[in-house]
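These notes concern the structure reproduced below.
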Amino acid sequence: MKSLESWGRYPQVEQRTQALTWRSDALPQVSGSVLPHGLGRSYGDSCLNGGGTLLLTSGLDKLIAFDAATGVVRCEAGVTLDTLLRLAAPRGWFLPVTPGTKYVTVGGAIANDVHGKNHHRGGTFGRYVRRFELVRSDGSRRVCAPDENPDWYGATIGGLGLTGLVTWAEVQLKPISNPYVLQETVPFGNLDEFLVVARESEADHEFTMAWVDCLARGKKVGRGLLYRGNFAPPQFDGLPLAKSHLSHGIGLAVPMDMPAFCLNRLSVSAFNWLYFHRQNGKPKQRLTHYDPFFYPLDAIYAWNRIYGSRGFLQFQCVVPYSTARDALKDILERSSRGGLPSFLSVLKTFGDLPSPGWMSFPRQGVTLAMDFANRGEKTYRLVEELDRVTREAGGAVYPAKDARMSPESFAEYFPRRAEFAGYIDPAFSSSFWRRMNPVAMPFSLESERASGAPHPKSLLALR
Amino acid sequence: MKKVLVLGATSAIAQATVRLLAARGASLYLVGRNAENLDAVAKDAATRGAAKVESKAVDLNDFAVHEALVDGAFQALGGLDGVVLAHGVLGDQAEAQRSWTATEAVLRTNFLSAASLLTVLANRFEAQKAGTLVVISSVAGDRGRQSNYVYGTSKGALTVFLQGLRNRLAKSNVAVVTVKPGFVDTPMTAHLPKNKLFASPEKVARGLLSAADARKNEVYVPGIWALIMLIIKSIPESVFKKLKL
């Protein structure tokens, strides 16, 4: 058995695997539940199926059609965004939405309805999925689109791979006239300044995101650097049009699990200080190829190994503007106080463009992503606290990055989960889904009703 | 190789090779058994930049169609300058020991059908005095071992057949390239436990194409197998017969 882990390497579970090869094949017959698994870039347990079987989709990697005139690409679900870029970028097309790594599959991008630096302009990946085929364990095959099986379409986008296997999908790419991004970096001194700079930047920039110094305290809480940019115009500054696919990473790799002592408060502190002061406090403009602009961490193969064999926990929340300032301050202070440094923390504003996905995570407000080396109970408690703060602020936590949110929080974050549960394939499940929907004995349900205790929300989704 | 006939195009190594050829803008004539899967490979190749892709679903164990198949490929692409012969089965050694039918099936697919196709193709290439015949054999054909000697025999026979063909066609400017992969991580070996010696189909495909470009004779891919097989071949038979290999 291959040992497969999620990107955060926590939790660790035992599961079987079954590789898929042909899109026209029937689903393999196995005992227990199955879950499609692409490149395993989800951080927590949403891409794991402890005790069950993972259907490995990386063999479903064939392209089906690409129309260079309209930018519509049709491919199998295991095709990576990297492959799509290599195909499309030299012909003047780009991903309509891309997460911070190109090493995810199209199926994974649909299942998690991923977002990127252009959420305020473009919304989520799901908005550009024109249609896809969904194969269920009963042998049925459905083409799903906004106007064809729209309920299955809505349930599957952001549906965490639970509604069945997506075999192929059709995605609308967007035109670019240059593979370079004109990028500007603007420092900000605290959270209030971030909110001002971010809103201001949204008007003129397609891409925005900010790195935040999560160790700064007091008045400096939330200081950081905001990156904003647009694809450069054609022939900008005499540069050639998109012909070549340059700079595929810098070929660095983390060759082994780093020992835990490499990553401590001092080293993270030093990194953050250097990062911030590299800027001299002034906005800077430069021309960057899209590869380092969108995928800086892809240049370091297996960067998750810097956290050692115990892995790390990622936390990403979104909170509405009304509570953003206080909630984010609270979250940043708690993680700074906890003595558990986050190596890389990212702030970004989400716009109000709706996603077709019922279970989609992004919603209007401010999102914060942090990662914490796994130091056991201490880390779990911190992440659980952050989940609670998010819930109280009326926000939501991203399932693709989660390992610790409570079923009660999940129920609040995703109000359509009960409707969604009706579309889950009976043969499909995941470690995440079972954690969010702990199976309770019928008699305990009865006793809770008798005692007048509130009906636990997680049971609503019990199947 | 600009106009290439790929036999067994839905096999993992052939698929990976097809992608590399497509990216070079080659014209391809793909042959496989399963029409649906073959179509998936053809569309993939066309989308990845192949100048032209035609495909034909046939069972290559039906030798009667070979002549017409080759004719069809020549016509569809306006000539051929390359062939990648990749079809084959691993078979089940235990089953083959029990049943001649099972043994014959392995020999038929891996050796006889290949020899039949190569007979037709060699004559065409010899006549046009150009072309490259790339054939996937196996390290298993280098020495008979109890664990898979039926498969090994089929590949060993193929290797010898190719040696003769190479000798014959050398004066006609036709390259005959024997590719001997070691363990490859493909559906053919999905049931086997994997170790460090397993190579990806992509790696084998790159080795295959660079051997074809250089018009090499026999290559092991990955190269480490040349050393491994040198050692295995050098063990005296009196010792070898007592080993559990």
**Request:** Please average, across the residues of B:27-38, the number of beta carbons from any other chain that are within 10 Å of each residue's own beta carbon, and give a whole number.
**Result:** 1
**Fill in**
Listed by chain and number, the residues whose amide H is under 5 Å from that of B:Val176, excluding neighbours fewer than 5 places away on the same chain and using placed H, are B:Leu133
**Asked** How far apart, in nm, are the 7 Å Cα→Cβ label points at A:Ser406 and A:Ser140?
**Response** 3.7
**Fill in**
For B:Lys56, A:Lys219, B:Lys155, ascending order of other Cβ atoms within 10 Å (fewest first) is A:Lys219, B:Lys56, B:Lys155
**Request:** Compute the relative contact order of chain B as a whole-number percentage, counting only Cα pairs closer than 8 Å that sit 6 or more residues apart in sequence.
**Result:** 18
**the stretch B:169-195 residues near the modelled B:Ile224 label - backbone nitrogen below 11 Å, point 7 Å along Cα→Cβ** = B:183, B:195
**Asked** So if R0 is 56 Å, what FRET efficiency would A:Asp204 and B:Phe240 give, r being the distance between their Cβ atoms, rounded to the nearest 0.05?
**Response** 0.15
**Prompt:** Can you give me the Cα centroid spacing of the stretch A:145-215 and the stretch A:38-70 in angstrom?
**Reply:** 20
**Prompt:** Between B:Lys216 and A:Arg91, what FRET efficiency follows from the Cβ-Cβ distance if R0 is 30 Å, with the result rounded to 0.05?
**Reply:** 0.30
**Complete:** To the nearest 0.05, the calculated FRET efficiency linking B:Ala170 and B:Gln75 through their beta-carbon distance, R0 being 25 Å, is 0.35
**Asked** Under the definition of partner shielding as Cβ atoms of other protein chains within 10 Å of a residue Cβ, what is the mean value for peptide B:10-22?
**Response** 1
**Message:** Test of understanding: extend the Cα→C-beta vector of B:Ala64 to 7 Å, then name every residue of the stretch B:70-103 with backbone N under 20 Å from that spot.
**Reply:** B:70-73
**Prompt:** What average number of partner chain Cβ atoms lie no more than 10 Å from the Cβ of the residues making up A:59-68?
**Reply:** 4
**Request:** Please arrange A:Thr156, A:Thr70, B:Thr103 by counting, for each residue, the other beta carbons lying within 10 Å of its beta carbon, fewest first.
**Result:** A:Thr70, B:Thr103, A:Thr156
**Asked** Going by a ≥ b ≥ c, the root eigenvalues of the Cα gyration tensor, does the stretch A:274-388 fall in the rounded group (a/c under 1.5), the prolate group (a/b larger than b/c) or the oblate group?
**Response** rounded
**Gyration tensor verdict on the stretch A:1-73 (Cα atoms; rounded if a/c is under 1.5, prolate if a/b is larger than b/c, oblate otherwise)** = oblate
**Prompt:** What is the spin-label model distance, in nm, from B:Arg98 to A:Glu333 if the labels are put 7 Å beyond Cα along the C-beta direction?
**Reply:** 7.4
**Prompt:** With all pairs of different alpha carbon atoms counted, what Kirkwood hydrodynamic radius in Å does chain B show?
**Reply:** 18.2
**Request:** Can you bin the protein assembly as shown into rounded, prolate or oblate? Criterion: square roots of the alpha carbon gyration tensor eigenvalues sorted a ≥ b ≥ c, rounded for a/c under 1.5, prolate for a/b above b/c, oblate for the rest.
**Result:** prolate
**Asked** Which of B:Lys3/B:Lys171; A:Lys348/A:Lys378; B:Lys3/B:Lys216; A:Lys174/A:Lys284 have a Cα-Cα distance over 24 Å?
**Response** A:Lys348/A:Lys378; A:Lys174/A:Lys284
**Prompt:** From a point 7 Å beyond the Cα of B:Arg145 in the direction of its Cβ, which residues of the stretch B:81-116 have a backbone N at a distance under 16 Å?
**Reply:** B:90-94
**Fill in**
Quick calc, the stretch B:3-240, dipole around Cα centre from Cβ unit charges on Lys, Arg (+) and Asp, Glu (-), nearest 20 debye, gives 720
**Prompt:** Taking the Cα-to-Cβ direction at B:Gln163 and at B:Gln128 and moving 7 Å from each Cα, how far apart do the two end points lie in nm?
**Reply:** 2.9
**Message:** Order A:147-155, A:101-109, A:25-33 from most to least packed using the mean count of other Cβ atoms within 10 Å.
**Reply:** A:101-109, A:147-155, A:25-33
**Asked** If we count every other residue with Cβ under 10 angstrom of A:Gly123's Cβ, Lys/Arg +1 and Asp/Glu -1, where does the sum land?
**Response** 0
**Cα lying deepest toward the dipole's positive end in the protein assembly as shown, options B:Tyr220, B:Ala23, A:Thr17, charges on Cβ** = B:Tyr220
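Each value in this text was obtained by applying a stated rule to the coordinates, not by laboratory testing. Because the structure is predicted, anything quoted here is derived from the model rather than measured. Virtual Cβ from ideal backbone geometry, glycine too; neighbours counted across all protein chains shown.
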